[in-house]
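Heads up: the structure comes next, in structure tokens.
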Amino acid sequence: MKTVTFEVFRYDPDKDKEAYYDTFQVELRRPGYLLLDALNQIKWELDPTFTYRRSCREGVCGSDGINVNGVNMLSCMTKVEDLGSDHLVIQPLPGMNVMRDLVTDVDDFFNKFITVKPYIIRKSPNPDKEIYQSPEDRKLLDGLYECILCGCCSSSCPSFWADKKYLGPNAFLRAWRYIVDSRDEGAEERLPILNDKHGVWRCHTIYNCVEACPKELNPTDAIVKIRKMLLDQQI
Amino acid sequence: MSVKIEYHKFDVVVVGAGGAGLNAAQVASQYCKTAVVSEVYPTRSHTISAQGGISAALGNLEEDHWHWHMFDTVKGSDYLADQDSCEYMTRLAPEMIIALEHIGLPFSRTPEGKIAQRPFGGHTAEFGKRAVKRACYAADRTGHAMLKTLYEKSVDQGTHFYSEFYALELLMNEGQVNGVLCYDIQNGELHIFNAKAVVFATGGNCRVFQTNSNAHINTGDGLALAMRKGCSWSDAEFFQFHPTGIYGAGNLITEGVRGEGGILLNAQGERFMERYAPTIKDLAPRDIVSRSMALEVLEGRGVGPNKDHVLLKIDHIGAENIMEKLPGIHELSLVFAGVDCTKEPIPVNPTAHYQNGGIPTNYHTQVIKGNMDGEEYVPGLFAAGECASASVHGANRLGTNSLLDLVVFGRTAGEQAAKYAAENSLVGLVDNAGSEGVANINKYANANGKHTFGEIWGELTDVMQKKMSVFRTEELMTECYATLNELEAKMDDYKVNDKSSVYNLDLIEALELNNMILVAKACTSAAILRKESRGGHFRDDYPDRDDANFLKHTEVYLEEDLKTPRVDYRNVRQKPISVETFPPKPRVY
Ligand SMILES: Cc1cc2nc3c(=O)[nH]c(=O)nc-3n(C[C@H](O)[C@H](O)[C@H](O)COP(=O)(O)OP(=O)(O)OC[C@H]3O[C@@H](n4cnc5c(N)ncnc54)[C@H](O)[C@@H]3O)c2cc1C
Ligand code: SF4
Ligand code: SF4
Ligand code: FES
């Protein structure tokens, strides 16, 4: 059976002054063995004190964004063999405070996404039935509503690292999801938040976030469109 | 472990942040101070995985009626559901879907801009005549779209969230529920939420089976906590084995695939469901399709080197259609089966998917305790979602009726809990409130014995898979129960290696494992005593339904040792609210 070396970031604030790396030999027990299978193997068989997040195990809950050989990804949707290396360096998502091992503090990330008012804002009264939306208008939400809040994007973003208050690609993507929704009437409330000095202008459009997104979403595209809307409004 | 406890006071505390918990919370928050405690961040709850749809007789594409939906639900349940609850849920369904749409759920649309609907297993028009389009959906990410919408709405409503808080004990004072003890996973601190009303919405427990479609956290904690405080688990023996789990992995392929035209094929390339359910074929309810698949395999018509599964073919509806309506399925098939479903069929077999029963409630979501002589309320306690049983699923749940259950009974729980909180004053805590939960977590935090999670959980899921899943017999289940007792004994010689106060997953897994063994024992004892076959409970030694003796709910309580299940029964509420009873009939489709 093939084995792969996992060099894993370890840190427990209860006992470690500094972080260090632990090395494990992980067996790939079947074709298509996933990174999450490997992490579980480490925890359940090699070292029960190793800790990380996971829940749905199918790429929809966003719990298990991690950094492998410098790239952010979901452990549950990545096949070890596809990484093409016998030596993997496993780290928590960069740019976030580490709580322990692969577990980072995500409160800041969640709070930022909430500041953009990610919910339908209506000024007109609702009809008794559904608010009609054409399939074309509904299509505008594709590529936006699927975000799983994993943080892989923001964690790869140099502006997010540099400016602690920068809202980050995920928040902009979410804001845009509501702004383009034909049922929403809240753009005016959201645009000033996005126009803030920690808003969309901080983005350098270098597409790290797009590359990092495991759901193949495009936050940069949303940012560019928000900017255009802001500029159009100024005229 | 420290016994310093931080105290909080709320009107309503909701345990669980899935669809049921969040809907309860966003409604209760409109009236009173409401907290949600959840083992994971709300958007990471299992509802996020739900794929295919949520049912409501909107009639957007063809004629439909809530009464037909009610009939399908009752028949689908193999007549074990409470018909008042079924009427309540199916009547309210259209209004609930519209409310979800108004708060932003991105439903897929018809050409005129209405909410799109697709067929799903067991949903029919005119009391069983033909399949009907009743499932509202957002591509194949309906649960994801719903959970995020509800989360965002509850944040907007000012709900107080305590994420990565693990509930240890349900608190009571002289029979009145008044709070919950929690452990903060992030720093190891203990918290007591003292509240006027408590809503349980902790989801299901299918992680007790080896092949399952569930998330890591679906371990039956809520059931265990409620049972330790004298509540029962209603219809514990009924699990749903979903026909189309990905072969080898268990991850789900939504029934929406068959709703969009997918068909099941055996090794001879035959569409075998035509033989088992001539009217609605591949869209028969799940218990029937799962058993038909198992029979195909038993009779040697399975595919693969071991002839142990069947194929689900969808490529004939066209790649474009698949990518628009079932994009998530395409991704899952690639990762978990290595199959491109726009070109090849997906290998599938049944996977443990859903806990049909739960903490019993009436249709107002008030938790009840009952037996054949009657029932009474547990004051201050409400329950909704997969952990609860208002009893709309009975012996077999229809697809898309769970998400509906979450929103209907979630909202009702939010309203009822808020009403209860308005009408009652806060009941103080007893002197040693939380001592049982603290003792339990200390037992595992200090456990320095021999056995570990990996070992015991492996044995638990193995025995449940082999002896308590699609086919059951007295002999197998009795053996299963004996093994579970051995595993329970091993928990007294357990080892938690991790001693950290920060994100100690080793400790959480120990607590969950302890709960899983308890719920496994409870459902196995219920299954042994139900000597008939009904819905998802199929016994080779009693292959027929027996209404004379078993048209009744099982209620599993715990004996005083809080370990040994005691099986009791309660009458099915066959009388609906306003319409006539659907009397039990043989189930043919
Ligand atoms: C893959 C898949 C697809 C599905 N598709 C559909 C579908 O298309 N249509 C449909 O109707 N149904 C579907 N279902 C079923 C449906 O998704 C679930 O039954 C439903 O989402 C359960 O919701 P819930 O709110 O009851 O619980 P969950 O969403 O499971 O949430 C449980 C909550 O309880 C919390 N919790 C648990 N234990 C504790 C504890 N000890 N302390 C604190 N918090 C705790 C968790 O953190 C979580 O927030 C599907 C299920 C699966 C697995
Ligand atoms: S494109 Fe903008 S948001 Fe994305 S990583 Fe670069 S700076 Fe960050
Ligand atoms: S945009 Fe992509 S990377 Fe960012 S949080 Fe959403 S799913 Fe994750
Ligand atoms: S475990 Fe849910 S996204 Fe990976």
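The values are calculated or read from the model by the stated rules, or taken from the named source; none is laboratory data. Not measured: the values here are computed from a predicted model. Backbone-built Cβ (ideal geometry, glycine too); neighbour counts: all protein chains shown. Ligands, DNA and RNA are excluded from the accessible area calculation, which covers all protein heavy atoms including side chains. Shrake-Rupley method; radii C 1.70, N 1.55, O 1.52, S 1.80 Å.
Scanning the range A:67-79 for residues that are within 14 Å of chain B (Cβ to nearest Cβ) and not small (G, A, S), we see that the one that is farthest from A:C152 (Cα to Cα) is A:K79.
Scanning the range B:22-46 for residues that are within 14 Å of chain A (Cβ to nearest Cβ), among the hydrophobic types (A, V, I, L, M, F, W, C) and more than 16 Å from ligand 4 (Cβ to nearest atom) yields B:L22, B:V36. Taken over the range B:228-267, residues that are within 14 Å of ligand 1 (Cβ to nearest atom), acidic (D, E) and crowded, with 24+ Cβ neighbours inside 10 Å amount to 1. For the residues A:D107, A:D47, the requirement of being open to solvent by 40 Å² or more (accessible area, probe 1.4 Å), more than 16 Å from ligand 4 (Cβ to nearest atom) and out of contact with any Leu (no Cβ under 8 Å at 6 or more places or on another chain) singles out A:D107. When B:A131, B:A135, B:A145 are screened for being farther than 29 Å from B:M516 by Cβ, within 12 Å of chain A (Cβ to nearest Cβ) and aliphatic (A, V, I, L, M), only B:A145 passes. In the range B:82-102, the condition of being outside any helix (DSSP H, G or I), touching a strand residue (DSSP E or B) at 6+ places or on another chain (Cβ under 9 Å) and at pLDDT 95 or above is met by at least one residue.
Checking the structure you have, find out if any residue of the range A:127-142 is more than 16 Å from ligand 4 (Cβ to nearest atom), open to solvent by less than 60 Å² (accessible area, probe 1.4 Å) and under 21 Å from A:L191 (Cα atoms). Yes, there is a match, as at least one residue in the range A:127-142 is more than 16 Å from ligand 4 (Cβ to nearest atom), open to solvent by less than 60 Å² (accessible area, probe 1.4 Å) and under 21 Å from A:L191 (Cα atoms). Taken as a whole, the condition of being more than 7 Å from chain B (Cβ to nearest Cβ) and assigned to a strand (DSSP E or B) does not apply to A:M96. Remark: pairs (first residue in the range B:148-171, within 10 Å of chain A (Cβ to nearest Cβ); second residue assigned to a strand (DSSP E or B); Cβ separation under 6 Å; 6+ apart in sequence or on different chains) = B:F161/B:V36; B:S163/B:S38.
Contact map, the range B:174-196: residues that are at pLDDT below 95 paired with residues that are among the aliphatic types (A, V, I, L, M), Cβ distance under 8 Å, separation 6+ or inter-chain. Pairs shown: B:G175/B:V378. Of the numbered criteria (1) within 12 Å of chain B (Cβ to nearest Cβ); (2) at pLDDT 95 or above; (3) out of contact with any Ser or Thr (no Cβ under 8 Å at 6 or more places or on another chain), the one A:G32 fails is (2). Filtering A:E58, A:E45 for residues that are under 20 Å from B:N212 (Cα atoms) and at the interface with chain B (Cβ under 8 Å from one of its Cβ atoms) leaves a single hit, A:E58. What are the pairs with Cβ atoms under 6 angstrom where one residue, in the range B:47-62, is facing chain A (nearest Cβ under 10 Å) and the other, located anywhere, is of a type in the set (G, A, S)? Sequence gap at least six, or different chains. So the pair list comes out as B:T47/B:G18; B:T47/B:G19; B:T47/B:G143; B:I48/B:G143; B:S49/B:G143; B:A50/B:G143. Residues in the range A:14-40 that are aliphatic (A, V, I, L, M) and surrounded by fewer than 19 Cβ atoms within 10 Å (Cβ to Cβ): A:A19, A:L28.
Is it fair to say A:Y11 is farther than 18 Å from A:D86 by Cα, away from chain B (no Cβ under 14 Å) and open to solvent by 30 Å² or more (accessible area, probe 1.4 Å)? Criteria not met by A:Y11. With respect to the conditions (1) within 14 Å of chain B (Cβ to nearest Cβ); (2) open to solvent by 30 Å² or more (accessible area, probe 1.4 Å); (3) in a loop (DSSP other than H, G, I, E, B), A:D82 lacks only one, and its number is (3). Annotation: B:L505 fulfils all but one of (1) touching a Pro at 6+ places or on another chain (Cβ under 6 Å); (2) within 16 Å of ligand 4 (Cβ to nearest atom); (3) among the hydrophobic types (A, V, I, L, M, F, W, C); the unmet one is (1). Taking the range A:37-56 as the range and being within 16 Å of ligand 3 (Cβ to nearest atom) and either among the β-branched types (V, I, T) or more than 22 Å from A:A19 (Cβ to Cβ) (or both) as the test, the residues that pass are A:S55, A:C56.
Is it true that A:R174 is at the interface with another protein chain (Cβ under 9 Å from one of its Cβ atoms), in contact with a Cys (Cβ under 9 Å, 6 or more places away or on another chain) and within 25 Å of A:Q233 (Cβ to Cβ)? Yes.
In this entry, A:D64 passes the filter for residues that are away from ligand 2 (no atom under 16 Å from the Cβ), within 10 Å of chain B (Cβ to nearest Cβ) and either in contact (Cβ under 8 Å) with a residue 60 or more places away in the chain or surrounded by 24 or more Cβ atoms within 10 Å (Cβ to Cβ) (or both). In the range B:306-349, what residues are of a type in the set (K, R) and under 28 Å from the mean Cα position of the chain (by Cα)? Residues satisfying the conditions are B:K313, B:K325.
Among the residues examined, A:K112 qualifies as under 14 Å from the mean Cα position of the chain (by Cα) and more than 8 Å from chain B (Cβ to nearest Cβ). In the range A:71-125, the residue that is nearest to ligand 3 (Cβ to nearest atom) out of those that are closer than 30 Å to A:D184 by Cβ, among the β-branched types (V, I, T) and touching a residue at least 12 places away in the same chain (Cβ under 8 Å) is A:V106. Within the range A:194-223, how many residues turn out to be surrounded by fewer than 16 Cβ atoms within 10 Å (Cβ to Cβ) and among the β-branched types (V, I, T)? Adding up the residues that qualify gives 2.
Restricting the range B:183-200 to residues that are under 29 Å from A:R100 (Cα atoms) and hydrophobic (A, V, I, L, M, F, W, C) leaves a set whose member that is nearest to the other protein chains (Cβ to nearest Cβ) is B:I185. Only residues that are among the charged types (D, E, K, R), outside any helix (DSSP H, G or I) and more than 12 Å from chain A (Cβ to nearest Cβ) were counted across the range B:470-513, and they come to 1.
For first residues located in the range B:110-138 and of a type in the set (S, T, Y), partners that are open to solvent by less than 40 Å² (accessible area, probe 1.4 Å) and in a loop (DSSP other than H, G, I, E, B) and lie 6+ apart or on another chain with Cβ distances below 8 Å form the pairs B:T110/B:N60; B:T110/B:A116; B:T124/B:I280; B:Y137/B:G52; B:Y137/B:G53; B:Y137/B:F107; B:Y137/B:S108; B:Y137/B:A116.
In this structure, is A:R53 modelled with pLDDT under 95, surrounded by 20 or more Cβ atoms within 10 Å (Cβ to Cβ) and either within 24 Å of the chain's Cα centre (by Cα) or over 29 Å from A:C209 (Cα atoms) (or both)? For A:R53, the condition - modelled with pLDDT under 95, surrounded by 20 or more Cβ atoms within 10 Å (Cβ to Cβ) and either within 24 Å of the chain's Cα centre (by Cα) or over 29 Å from A:C209 (Cα atoms) (or both) - is not met.
Please find, within the range B:476-530, the residue that is surrounded by the fewest Cβ atoms within 10 Å (Cβ to Cβ) out of those that are among the acidic types (D, E) and without any contact (Cβ under 8 Å) to a residue 12 or more places away in the chain. Once the filter is applied, the top-ranked residue is B:E486.
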